[in-house]
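Let me begin by presenting the structure, written as structure tokens, before commenting on it.
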Amino acid sequence: MKLYYSPGACSLAADIVIHEANLPTTFIKVDLKTKLTENGDDYRAINAKGYVPALQLDDGDVLTENVAILSYLASLTPRFMPQDGMAKWHALETLAFVSTELHKSFKPIFNPAASEEQKTAAKALVAQRLGLLEQGLAERDFIVGDDFTVVDAYLFVMLLWAQKHGVSVPPSLTRYADTLRKRPSVSAALKMEGLSTGS
Ligand SMILES: N[C@@H](CCC(=O)N[C@@H](CS)C(=O)NCC(=O)O)C(=O)O
């Protein structure tokens, strides 16, 4: 399969999961400004939405949206999502929260047209939402259970962004991100995207 990504973008979550599962994958960099792939192809012809990530399966089918891509990758490696009972639904709940509430809250921070006021408000909202996630880490090492899941990969990317943009991150989440960063899959994905593997 092929993962269309942009360095340090939310596609890093799928990149980490692919490395964690050791799935044979071709990584194709996308220039989000020109919408061209590193091969010079029109990315919109592959994913009409124009944003990353997109996962192209070996039969040519293209899957978009982090929630769908991460869930698909977890279906290939079931240990990456709780499979039974309420744990399964709470994991989905957290995945949805990271995508629709946390990830989306960053938008003004990345928007060059947003005012300083809007950026400050967005940082406060991100911090508040991280605070809600922090509570779970009091009892466990991973965000939705005792083992690594695709939700950890997604949340790791949100924490990278938060740290980079000066959002106040609770100490337990900083420790959690530092621990995740030491996983071979995380450093391999960061390296593949040309990003710093240090803290
Ligand atoms: N709803 C999408 C959002 C993906 C998204 O926000 N991608 C960003 C990078 S993190 C992007 O490609 N932005 C460039 C653009 O929208 O043109 C998902 O969850 O996959």
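The values are calculated or read from the model by the stated rules, or taken from the named source; none is laboratory data. Quick caveat: nothing in here was measured; it's all calculated off a predicted structure. Neighbour counts are summed over all protein chains in view; Cβ atoms, including those assigned to glycine, are modelled from backbone coordinates with ideal geometry.
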List pairs: first residue in region 84-98 and in contact (Cβ under 8 Å) with a residue 12 or more places away in the chain, second residue among the aromatic types (Phe, Trp, Tyr) anywhere in the structure, Cβ distance under 7 angstrom, at least six positions apart or on different chains. LEU95/TYR154; VAL98/TYR154
Odd one out for GLU101, checked against (1) within 13 Å of the ligand (Cβ to nearest atom); (2) part of a loop (DSSP other than H, G, I, E, B); (3) in the same structural domain as GLN163 (by TED's automatic domain parsing): (2)
Which one of the conditions (1) crowded, with 16+ Cβ neighbours inside 10 Å; (2) in the same structural domain as TYR51 (by TED's automatic domain parsing) does ILE109 fail to meet, given that it meets all the rest? (2)
Given (1) within 19 Å of PRO7 (Cα to Cα); (2) part of a helix (DSSP H, G or I), identify the lone condition not met by PRO112. (2)
Reported set for region 58-90 where residues are aliphatic (A, V, I, L, M) and out of contact with any strand residue (DSSP E or B) (no Cβ under 7 Å at 6 or more places or on another chain) is VAL67, ALA68, LEU70, LEU73, ALA74, LEU76, MET81, MET86
Could you list all residues from region 168-180 that are surrounded by fewer than 17 Cβ atoms within 10 Å (Cβ to Cβ) and outside any loop (DSSP other than H, G, I, E, B)? PRO171, SER172, THR174, ARG175, ASP178, THR179
